[in-house]
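What follows draws every value from the coordinates through simple rules; no lab data is involved. Predicted model, so just to flag it, every value in this text is computed and none were measured. As a convention, Cβ positions derive from the backbone with ideal geometry for all residues, glycine included, and neighbour counts pool all protein chains shown.
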């Protein structure tokens, strides 16, 4: 599977090991449920090494989200290209992600739900992530004066599909609904 949850295939340094451990644990178990001692143990670094790279858990959370953003956007663009590069690639790319056994929804939506009210940077990073996702989607659409608004609408539908895929037994209904929204939106242009 080509998902954002696939480990980095190299011997990472201490900072990278910490980020990889945080990425895995925060995404799988949640940020609040994951203590710093667990990240330290999973990354195999000393406590002093951890705090040299990340003076606080909030610093790690911000870096985790930036790291996730880079990995997810790279995966997203690549997956769209693998599935043809047009707007019809959107549900196919998401099906690839939703089918991953480690899928636990959107790390950004989950993080805002957990921390948006107490760590405003989480909301700001999420906003930037979602804008960049919408920009990529806009690049899939045919040129028009309403292209940006259409991309925003599809991005909203993607977020809804992500959430629905989290609680349904299979992602099929979420993907079917996304395809209908996509087709309807494109028929209006």
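I want to make sure I understand the PRE zone here: with the label point 7 angstrom from the Cα of residue 136 toward its beta carbon, which residues in the stretch 20-38 have backbone N atoms less than 16 Å away? Label zone hits: none.
Among 27, 167, 51, what is the fewest-to-most ranking by other Cβ atoms within 10 Å?
By the 10 Å Cβ count, ascending: 167, 51, 27.
Along the Cα-to-Cβ line of residue 74, 7 Å from the Cα, sits a label point; which residues in the stretch 134-175 have backbone N less than 11 Å from it? Those under the cut-off are none; the list is empty.
Compared with the rule-of-thumb size 2.2 N^0.38 Å for a compact globular protein, the stretch 135-189 has a Cα radius of gyration ratio of 1.18. When the alpha carbon coordinates of the stretch 35-87 are projected onto the principal axes, the ranges are 47, 19, 16 Å, largest first. Roughly how far apart, in whole Å, are the Cα centres of the stretch 18-59 and the stretch 145-188? Value for the Cα centre distance between the two parts: 34 Å.
Placing dummy labels 7 Å off each Cα toward the beta-carbon, the span from residue 167 to residue 37 is 3.4 nm. Mean-square fluctuations from a GNM of the chain, with a 10 angstrom spring cutoff on Cα atoms, peak among 47, 130, 88 at 47. Given the options 33, 22, 179, state which has the largest fluctuation in a GNM of the chain using a 10 Å cut-off (strictly under) for Cα springs. Of 33, 22, 179, the most mobile in the Gaussian network model is 33. Take the Cα of residue 176, step 7 Å toward its Cβ, do the same at residue 46, and the gap between the two points is 5.8 nm. Between residue 184 and residue 82, the contour length at 0.36 nm per residue exceeds the Cα-Cα span by 34.3 nm. Highest mobility in the GNM of the chain, judged by mean-square fluctuation with C-alpha springs under 10 Å and restricted to 28, 104, 145, is found for 145.
Could you calculate the contour length gain from residue 58 to residue 144, that is, 0.36 nm times the residue separation minus the distance between their Cα atoms, to one decimal place in nm?
Roughly 26.8 nm would be gained on extension.
The alpha carbons of the chain occupy a box of 58, 32, 29 Å along the principal axes, longest dimension given first. Normalised by the number of residues in the chain, the average gap of Cα pairs under 8 Å and 6 or more apart makes the relative contact order 20 percent.
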